[in-house]
Structure formats: structure tokens, C-alpha cells
Amino acid sequence: MLSKSTTRAIGLLSRSKSNFSKTLLSTRSVMSSATSSDLPANQRIDGPIITKINAKIKEAFPDMVHYQIFNDSYKHATHEPMETATNTTESHLRLEIVSDKFQGLPLVKRHQLVYSLLNHEIEVDQVHALQLTTKTIKEFTK
């Protein structure tokens, strides 16, 4: 669930194209402050797998104007397959990526692009589920 300040920042972003960059920076700073050692490992966004994913996404989408990653692993901690899994703290991730690199690509191709980029994390690091929201800048600001 998004914090009140994050929701407000995203709301402002969608309402005002002229303040787009300013609000985007605000949204990013709110999200970076959400990383806290007080959270359980299966809710944190600063683990080794997420750190690798962040680096790959930022390199592959240098023009991206919005990026968020959520660790939803805690929602699945009691599911039977997680009992024998080697990765239980960064197993269920949700990504939002806004980049014009998605321009002209249907949703399936957008997701295939991200999945191929993160193949190592899915196969080797055993990220069990990856939920994607992939939009162009125009789609994001509608």
C-alpha cells in the first residue's frame, strides 16, 4: 500500500504536466526514504536481488521518467511453495516503469523486454513472480 505522501505526489504528477519533473523528483525521494532496516526482509526494497534489478532497469531504460519497485513477498510468505523455496525475501516483486522505449510496442512485447532483461534474477535468483506495469510517458500522464 502506498503511503499518503507517495499517493499525493503521484496524484500531483498526473494532474499537472507542467510540474511533471518537479513532482517526479518528489515521488522518487519519497520512495527512497521508504527503504528502512526496520521493515522485515520480505518487505524491504534494498536487498541484493532488488539492487541488481534496479541497476539493470536503470541501465536499460536511461530515459525513464518513473520507476518504482515493490516487494510483495510478505503477502505470499505462508503459501505452500514458499516453504521449500530458497528465495523467500525477494520472491514476489512488482515493477512500474515509464519510458518511451515502450513506444509502439504492444503490452506483451513490453513485458517480454523486461522479462528477458531480468532472466537471471528469475531463473537463478528464483524471483517467483514479477508483476509489471509498463507505460510510455504519454500513457502515464493521461
Item checked: Test result for ASN42, modelled with pLDDT under 80 and either touching a Lys or Arg at 6+ places or on another chain (Cβ under 6 Å) or closer than 21 Å to GLU123 by Cβ (or both) -> yes
Check: Any idea which of SER36, SER73 is over 18 Å from VAL114 (Cα atoms) and either in contact with a Leu (Cβ under 8 Å, 6 or more places away or on another chain) or at pLDDT 65 or above (or both)?
Finding: SER73
Check: Mind checking which pairs have a first residue in the range 123-138 that is under 10 Å from ILE97 (Cβ atoms) and a second that is assigned to a strand (DSSP E or B) and charged (D, E, K, R), Cβ under 7 Å, 6 or more apart or different chains?
Finding: THR133/GLU96
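The values are calculated or read from the model by the stated rules, or taken from the named source; none is laboratory data. All of these numbers come straight from a predicted model, not from anything done at the bench. Note: ideal-geometry Cβ built from the backbone for every residue, glycine included; neighbour counts use all protein chains shown.
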